[in-house]
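Asker: Mind having a look at this structure? Questions to follow.
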Ligand code: ADP
Ligand code: MG
């Protein structure tokens, strides 16, 4: 161990950075860690200089232990960590920013003060904000960005699977902040949460153009918050979010996953201010409030106090109706027979269902052929194979892990905790999250009623090990290959 004493503080810190990169969010890493400098280094301590008070406070409150661990790992001895604000912190930060014309921040879904008339792009797949990623805004002010013009109440097909959520959304749009506050909508992926959230936004803006409506994902909220902390604009950030009339917050399940309790806390205060002043809050999530992985019990109970509505998988008639509406809107001539065929084939996710229709229409128009049943059969059979690859079933995954790791299938989905069983279960959860469309909550349910944080924890653990341990990397590769 003594051989490491010749590493300089600078070298130790630089070697710690890649370790830290996997343990904190990109916003923290790029915003606060890469521009930290070593102010002092000795046998048993390291002092880092960071750009401002917020950076110091943030790192001290949330990342001291992980930073200490990483530095100690590199230095190969226990090291005490001190954090100080660089004497000329502001100037240094500005100098760094100038020296690096490309800001290294991750693409940030920024809060969007919804503007109904601006052109919008198609929805991206995945949990983030549905419109164009905006230029990073660290002034703390909300920025204008479009809602997807297709996500309106008119374009939403109402059926048993969504009747209650739709009615609640309509009511909220009619009298925001008065009844049904907060409104909490949850479902598996691709069933219309984002559509309903944005429909509320469109509808309110149509009748009250002066209303301050923001649609934002929880991830966008947290990233924006961190940028504003870094740039000393957090007060303005707070003021602007807390002066909204309507907050439409998508994918809340990520609120705690990104930066832990601090982002949750910030959100909680924003939420409370809005709620207590009768401003409307609508939240979408992949699981009901009681399954949210939250540290803040008060936040959870507040979320449960409002109206909680779920969206379920539509039956085949509803799927046909949705496709019909979509075909009409796009002006494509597809017969009912064909829509029924597509709707019967693709069951569980409306996004995938619509994707199939888009593909059929694109094929027909590119190749200048009519949309016939046999053409669709061809395209769909292609399409289904490519989606079944992603829609591998949970029992298949468990069976494979069972045979590969020699742990009985029943044990994998049991509550047993012995090390080999727990490991097999973690691997199965990892694969299930990677290869299927199930929400964390659903996966938790499948694995013997565990909650969604356990699945997330298992997933992260295996993901970390893949990076660290070649054996695990190969194991996961082999298992994945079995499904290709
Ligand atoms: P989620 O946010 O739940 O993942 P989205 O709101 O993004 O799902 O919906 C996925 C796609 O399905 C969108 O294109 C949306 O317009 C469409 N969709 C979902 N539900 C309906 C519905 N009831 N009527 C019409 N289109 C729908
Ligand atoms: Mg969504």
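The values are calculated or read from the model by the stated rules, or taken from the named source; none is laboratory data. Quick caveat: nothing in here was measured; it's all calculated off a predicted structure. Ideal geometry is used to build each Cβ from the backbone, glycine not excepted, and the neighbour counts take in all protein chains shown.
Asker: Pull up region 188-208, narrow it to residues that are over 14 Å from the mean Cα position of the chain (by Cα) and near ligand 2 (Cβ under 10 Å from one of its atoms), then point me to the one that is nearest to residue 441 (Cα to Cα). Write out each step before concluding.
Answerer: Pass one, region 188-208, residues over 14 Å from the mean Cα position of the chain (by Cα): 191-192, 195-208.
Now restrict to residues that are near ligand 2 (Cβ under 10 Å from one of its atoms): 191-192, 195-198.
Working: 191: 15, 192: 17, 195: 21, 196: 21, 197: 21, 198: 24 Å.
Once the filter is applied, the top-ranked residue is 191.
Asker: Here are some residues: 231, 235. Which one is more than 16 Å from ligand 2 (Cβ to nearest atom), assigned by TED's automatic domain parsing to the domain that holds residue 299 and at pLDDT 90 or above? I'd like the intermediate steps shown before the answer.
Answerer: Numbers: 231 fails: at pLDDT 90 or above.
From the options 231, 235, the qualifying one is 235.
Asker: Report those helices (runs of 4 or more DSSP H) wholly inside region 307-412 carrying at least 1 residues which are over 30 Å from residue 426 (Cβ atoms).
Answerer: Working: elements: 316-330, 336-345, 350-366, 373-390, 394-405, 409-412.
Answer list for region 307-412: 316-330, 336-345, 350-366, 373-390.
Asker: While we're looking at this one, here's another question. Please give the number of the condition residue 191 fails out of (1) out of contact with any strand residue (DSSP E or B) (no Cβ under 8 Å at 6 or more places or on another chain); (2) surrounded by fewer than 22 Cβ atoms within 10 Å (Cβ to Cβ); (3) part of a loop (DSSP other than H, G, I, E, B).
Answerer: Against the list (1) out of contact with any strand residue (DSSP E or B) (no Cβ under 8 Å at 6 or more places or on another chain); (2) surrounded by fewer than 22 Cβ atoms within 10 Å (Cβ to Cβ); (3) part of a loop (DSSP other than H, G, I, E, B), residue 191 comes up short only on (2).
Asker: OK, next. Would you mind telling me which numbered condition in (1) crowded, with 19+ Cβ neighbours inside 10 Å; (2) more than 16 Å from ligand 2 (Cβ to nearest atom) residue 177 fails?
Answerer: With (1) crowded, with 19+ Cβ neighbours inside 10 Å; (2) more than 16 Å from ligand 2 (Cβ to nearest atom) applied to residue 177, the lone miss is (1).
Asker: When region 210-240 is examined, which residues are found to be over 23 Å from residue 184 (Cβ atoms) and either within 16 Å of ligand 1 (Cβ to nearest atom) or free of Cβ contacts under 8 Å to residues at least 24 places away in the same chain (or both)?
Answerer: 210, the sole residue that qualifies.
Asker: Please enumerate the residues belonging to region 241-254 that are within 16 Å of ligand 1 (Cβ to nearest atom) and part of a helix (DSSP H, G or I).
Answerer: First pass over region 241-254, keeping only residues within 16 Å of ligand 1 (Cβ to nearest atom): 248-254.
Within region 241-254, 252, 253, 254 meet the criteria.
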